[in-house]
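Shown next, in structure tokens, is the structure this report addresses.
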Amino acid sequence: GQQVMQIPQYQHVQEGEDFTTYCNSSTTLSNIQWYKQRPGGHPVFLIQLVKSGEVKKQKRLTFQFGEAKKNSSLHITATQTTDVGTYFCVGAGSYQLTFGKGTKLSVIP
Amino acid sequence: EAGVAQSPRYKIIEKRQSVAFWCNPISGHATLYWYQQILGQGPKLLIQFQNNGVVDDSQLPKDRFSAERLKGVDSTLKIQPAKLEDSAVYLCASSSRGKMSEQYFGPGTRLTVT
């Protein structure tokens, strides 16, 4: 079945440093979505990427979808304490919807 | 616009007992998902409904888990009998256009099986 690998599992950064999480699927995806889950909360939608090579920006967040539509990344520039949480990618294949295991981001003030 | 509602928020049961969770999706959302999220892991899709039909239940342990979506609106997820490894947060989500649109998640039900 479809597998979605996400790395790193944990990332500790100093406030102001950059952060990147990577997602890789075993199968070609129709789209990929990114969610953020704060401690004790539920996943909240950030963005959806559909097109090969697509790049989208939301303020300090940059999302990329690979040319082969099998990998994706989320980059945060100049992290802030409000960025703390776990970031998940969700790969949508032909039949399956699969969450990555997530990257837990800690920001040291 | 009201969000996805779930109840109860917390439940503690003993192993071999039964439990049921309820979800009310956002009005008009045709697609409803149930996920299991074990502590420290990503959500695992258990079942996906499109209106009141099942689209994907490939990861639902059908010997003990069951789910239904009455009239294409509310949904219930049942576990009978529960095992210790079922301790997790059960998340319900809904979307307007299946996997092509964002999912809105409810607050979840935290289940502890002792």
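Close amide H partners of residue A:46, meaning residues 5 or more places away or on another chain with modelled amide H under 5 Å apart, are A:34, A:35, A:36. What does the net charge come to around residue B:40 if you take all other residues with beta carbon closer than 9 Å to its beta carbon, with K and R at +1 and D and E at -1? Neighbour charge sum, excluding residue B:40 itself: +2.
Computed from backbone phi with θ = phi - 60° and the Karplus coefficients 6.51, -1.76 and 1.60, the 3J(HN,Hα) list for region A:38-43 is 6, x, x, x, 10, x Hz; x is used for glycine and proline. Of all the C-alpha pairs in the protein assembly as shown, what % are more than 27 Å from each other? Above the 27 Å cut-off, the protein assembly as shown has 33 percent of its Cα pairs.
Can you work out the base-10 log of I(q)/I(0) for region A:11-108 at q = 0.16, 0.17 1/Å, using the Debye formula on its C-alpha atoms alone? The Cα Debye sum returns log10 ratios of -0.63, -0.70.
Amide H contacts of residue B:87 (H built 1.01 Å from N, in plane; Pro and chain starts excluded): B:113 sit under 5 Å, all sequence-distant by 5 or more or on other chains. Excluding ligands, DNA and RNA, the accessible surface per residue across the protein assembly as shown is 49 Å² with a 1.4 Å probe.
Which longest uninterrupted range of chain B lacks any trypsin sites (Lys or Arg not before Pro) assigned by DSSP to a loop state (not H, G, I, E or B) and surrounded by at most 12 other Cβ atoms within 10 Å? Of all site-free stretches, the longest is B:17-61. Just give the residues from region A:79-109 buried by at least 20 square angstrom of accessible area in the all-chains context relative to the isolated chain, probe 1.4 Å, and say none if nothing qualifies. Listed by number, the residues meeting the 20 Å² cut-off are A:88, A:95, A:96, A:97, A:99, A:101.
Take the accessible area of chain B alone and of chain A alone, subtract that of the pair, and you get about 1600 Å² summed over both chains, using a 1.4 Å probe. Database remark: amide H of residue B:15 closer than 5 angstrom to the amide H of B:114 (H placed geometrically; neighbours at sequence offset of 5 or more, or on other chains; Pro and chain starts carry no H).
The values are calculated or read from the model by the stated rules, or taken from the named source; none is laboratory data. Keep in mind it's a predicted model, so treat the numbers as computed, not measured. Note that each Cβ is placed from the backbone with ideal geometry, even for glycine, and that neighbours are counted across all protein chains shown. Areas reflect the complete protein model, heavy atoms only, side chains present, ligands, DNA and RNA absent. Shrake-Rupley method; radii C 1.70, N 1.55, O 1.52, S 1.80 Å.
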